[in-house]
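Structure first, then comments.
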């Protein structure tokens, strides 16, 4: 545990952020897939976009039917500029992993969180939870 | 300039269409409509659907709002009683008077009721308005038997209405020697009669009704030949009588046999008065269909707007579904040898009759009749109307190309631009194609909105769709049936590429043949291809699977899952039943018997799934693949082991087959059924493959499905032994797996296949492609590599770990999951 705290501090220093939350180990998250982490009373989805070497975090709830499901969705990209996205497993509503905008033409928006991966650990900046 | 008054008498389909047309063309008129019926214009063509669930509202063609928005004065339930032609004023029943500059008579027709003693008795109805239907409905509840007088188009519709009303014993009584005498010939009538008999509609031909029997209420019919028919109700559908009373009263020229005489501009003998629809008589003919009525509305509206459009008579070709039976006649249906050559195809087994009349030199199609299968109607009608030169084997037009070669006849894209595609709305091929190009339309809905094509009877919808796709293709906009934006290949192409290159992972497939990072469309499609080809454990690449496949269970409302253990053939021991009950109790699961003779356990938390499956597997269960696009169930009836009618042991055969194909990943789900005799209790013909016992062996049916567009499976082979049956099934299933588009059931796959069932039969039975051995080998490989996915998942700690909701609190369940209680079980909270 002390290790983690130490690392936390280190990263906090690096980013000047105080609300960095240790979510899980990077190998907990399947390649090109997602998991759900519990943060206080919130559920956050973390995606390991191995193919692009990128990590993303969003709210776990799909705003369409308020289902805690986005972490179980398939990720991929869309359009000319390869916008990274996740599709909810319920009705395939898709959201940009970068902006949280709905890409399937509805007025939904999801929260996104910055992700930091360091030393095999995944951290989320949770300022706006 | 003051607006000119246009008064329209009648708010039926044609009267309403006139309002639409005139409003669309001009703002110079003030429209005033008087309708005798209390309702706004509604669809009389599909009147019988009122009995199978459609409401009066569904049938309505417009709304009061529409009339208001277009500033049209609409008076319903107020008939015009007098027309003063000198003053140009109409008087109505309620006492209104209205001046007109132009008067449009669209009064339609009334049902013709022959002068037979007793027609006034209770329980005798006509079939014309929603009010008529309501009266029939009220009376029918106490009726066991009923008849329709008249075997024409409308009479048969009325017959369907009686069936829909739940009348057990129904009859059609026709004066002529055949049904639908105007549309079809004797042979066609005979076949149609057979079809109707299967539906419990008994047809009586050559029957001249002499009186309606009964005191106050009808008890039967007496015929001129001395016979009688006992009945509780009668619907008269003996033809129509044009509503020309108002024209007669004001001295317009009418025919002695009914109908207001009009010229090619729909003008009556008074130049400011027009008649359109079924009340109008053009060239000594009443046009009793909606499409010519709409055309008349168009002509009259154009004339008011100073265009010189003329009515030139109308093609009375029709296609309709009568009580589930396709009936079509087009062009000159009755011309016969020696004036032409007729090609006739008749299949009494399937109930299909097709006749085409071609010129003696074999170059042109003159007309024909289709019964039981009218899919070719649109093409044949276009071929007739546009005098398209026939292919060297004109019989292909009705039989389909045989031998798996080239497509049939001309394609819709080969039609001239002025070919009328939608006759209800008079939309030509040119109009549709230019709408697609000029306005950049891509879907049928867009084109329908823009051109109105397909918004009437709907008969032209398939052609409109073909035209859209054809036009897009010609313009290079529509490339082909590609998977998604990441792959420029169809599923079949991609499957071949993956197979040839022996690729085993999604990432490799994407790197080699695709672009971008994939998506929720191509990932599961490729996952299905990989599973079909290599039959490797799908959990090895879990993140390319749809959620259901990823967690080997079906996600349900609230984010819990349902669990379906395999119960082959629906056979289960009491011990296994008890285990299911115990598991359900322990994990608080809702249980329900499925349509496929299994038991579904709902409400399982993700984290509980491995424990649930451990117990089920210990009791001898396997995964039921209810979550996968793969073989679901092979439903069976109890068969010869217990049933006194059973010919063979359908349960054992169903179990053998279910075990053989379990785990087979396919483009869509697969369902089968085995019935032990012709009674077909397993409903096998509604499945992707259905096997029905015969005295000599099995009949094998393929490509059926239930779902949103039910379709019966078609016969592939009859009286075959079990071994042959399995061999054909191996070939059929593998061929489907190899060639179908993603999420395409076998029925749709077959419907899209060039050459259809004849072609598929050739591939499976005659091995016309020379791939039968390969397909069978692929199936052998599948069977030899089958493993229960759940067994593998729970035995592997890495895989087992994935079944948790919170990665940082693996034991904790999703706190947002909430249940309600209903009938002593849990149910997901409503969303």
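The values are calculated or read from the model by the stated rules, or taken from the named source; none is laboratory data. Predicted model, so just to flag it, every value in this text is computed and none were measured. Don't worry about glycine lacking a Cβ; one is built from the backbone with ideal geometry, like all the others, and counts go over all protein chains shown.
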Exercise. Does region B:26-43 contain any residue that is farther than 13 Å from residue B:6 by Cα, in contact with a helix residue (DSSP H, G or I) (Cβ under 6 Å, 6 or more places away or on another chain), touching a residue at least 40 places away in the same chain (Cβ under 8 Å) and surrounded by 15 or more Cβ atoms within 10 Å (Cβ to Cβ)?
Worked result: yes
Exercise. Out of (1) buried (at least 16 other Cβ atoms within 10 Å of the Cβ); (2) more than 16 Å from residue B:544 (Cα to Cα); (3) out of contact with any helix residue (DSSP H, G or I) (no Cβ under 6 Å at 6 or more places or on another chain), the odd one out for residue A:67 is which?
Worked result: (3)
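What do you reckon, is residue B:209 surrounded by 22 or more Cβ atoms within 10 Å (Cβ to Cβ), under 23 Å from residue B:139 (Cβ atoms) and at pLDDT 90 or above? Let's see the steps before the verdict.
Details: surrounded by 22 or more Cβ atoms within 10 Å (Cβ to Cβ): yes; under 23 Å from residue B:139 (Cβ atoms): yes; at pLDDT 90 or above: yes.
Taking the combined requirement at face value, the residue satisfies it.
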Seminar exercise, completed: residue B:548 passes all but one of the listed conditions (1) within 14 Å of chain A (Cβ to nearest Cβ); (2) over 25 Å from residue A:35 (Cβ atoms); the exception is number (2)
Exercise. Within region B:227-242, is there a residue that is over 30 Å from residue B:134 (Cβ atoms), at pLDDT 90 or above and not in a strand (DSSP E or B)?
Worked result: yes
Exercise. Which condition does residue A:51 not pass, out of (1) part of a helix (DSSP H, G or I); (2) modelled with pLDDT of 90 or more; (3) more than 8 Å from every other protein chain (Cβ to nearest Cβ), if it passes all the others?
Worked result: (3)
Exercise. Looking at B:561, B:506, which one is more than 30 Å from residue B:654 (Cα to Cα) and more than 8 Å from chain A (Cβ to nearest Cβ)?
Worked result: B:506
Exercise. Going through region A:55-78 one residue at a time, which ones are assigned to a loop (DSSP other than H, G, I, E, B), more than 19 Å from residue B:815 (Cβ to Cβ) and at the interface with chain B (Cβ under 9 Å from one of its Cβ atoms)?
Worked result: A:73
For this session: Can you confirm whether region B:56-67 contains a residue that is surrounded by 18 or more Cβ atoms within 10 Å (Cβ to Cβ), part of a helix (DSSP H, G or I) and at negative phi?
Result: yes
Exercise. Quick one: residue B:584 ticks every box in (1) part of a loop (DSSP other than H, G, I, E, B); (2) away from chain A (no Cβ under 11 Å); (3) more than 25 Å from residue B:687 (Cβ to Cβ) bar one, so which box is it?
Worked result: (1)
Seminar exercise, completed: Flagged in region A:79-94 as more than 12 Å from the chain's Cα centre (by Cα) and either more than 8 Å from chain B (Cβ to nearest Cβ) or buried (at least 21 other Cβ atoms within 10 Å of the Cβ) (or both), in numbering order, are A:80, A:81, A:83, A:87, A:88, A:89, A:91, A:93, A:94
For this session: Taking only region B:527-545 into account, find how many residues are crowded, with 22+ Cβ neighbours inside 10 Å and within 14 Å of chain A (Cβ to nearest Cβ).
Result: 7
Exercise. Residue B:562 versus (1) buried (at least 20 other Cβ atoms within 10 Å of the Cβ); (2) in contact with a helix residue (DSSP H, G or I) (Cβ under 9 Å, 6 or more places away or on another chain); (3) within 30 Å of residue A:48 (Cα to Cα): which is the lone unmet condition?
Worked result: (2)
For this session: Test residue B:708 against the stated conditions and say whether it is surrounded by fewer than 22 Cβ atoms within 10 Å (Cβ to Cβ) and part of a strand (DSSP E or B).
Result: no
For this session: Check every one of the helices (runs of 4 or more DSSP H) wholly within region B:722-831 and list those with 3 or more residues that are exposed (fewer than 14 other Cβ atoms within 10 Å of the Cβ), within 14 Å of chain A (Cβ to nearest Cβ) and under 37 Å from the mean Cα position of the chain (by Cα).
Result: none
For this session: Would you mind telling me which numbered condition in (1) outside any loop (DSSP other than H, G, I, E, B); (2) surrounded by 24 or more Cβ atoms within 10 Å (Cβ to Cβ); (3) out of contact with any strand residue (DSSP E or B) (no Cβ under 8 Å at 6 or more places or on another chain) residue B:673 fails?
Result: (3)
For this session: Could you look through region B:455-504, keep only residues that are outside any helix (DSSP H, G or I) and in contact with a strand residue (DSSP E or B) (Cβ under 6 Å, 6 or more places away or on another chain), and pick out the one that is modelled with the lowest pLDDT?
Result: B:459
Seminar exercise, completed: Taking region A:30-40 and the residues there that are facing another protein chain (nearest Cβ under 7 Å) and either in contact with a helix residue (DSSP H, G or I) (Cβ under 8 Å, 6 or more places away or on another chain) or part of a loop (DSSP other than H, G, I, E, B) (or both), the one that is surrounded by the fewest Cβ atoms within 10 Å (Cβ to Cβ) would be A:31
Exercise. Which condition does residue A:116 not pass, out of (1) without any contact (Cβ under 8 Å) to a residue 40 or more places away in the chain; (2) in a strand (DSSP E or B); (3) more than 12 Å from chain B (Cβ to nearest Cβ), if it passes all the others?
Worked result: (1)
Exercise. Looking at residue A:99, is it under 13 Å from the mean Cα position of the chain (by Cα), part of a strand (DSSP E or B) and more than 14 Å from chain B (Cβ to nearest Cβ)?
Worked result: no
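Being at negative phi and out of contact with any helix residue (DSSP H, G or I) (no Cβ under 7 Å at 6 or more places or on another chain) is true for just one of B:592, B:635. Which residue is that?
After ruling out the rest, the residue left standing is B:592.
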Problem set entry | Selection count, region B:509-526, where residues are within 12 Å of chain A (Cβ to nearest Cβ) and part of a helix (DSSP H, G or I) | 7
Problem set entry | Subset tally (residues that are in a loop (DSSP other than H, G, I, E, B), more than 26 Å from residue B:334 (Cβ to Cβ) and out of contact with any strand residue (DSSP E or B) (no Cβ under 7 Å at 6 or more places or on another chain)) for region B:188-213 | 1
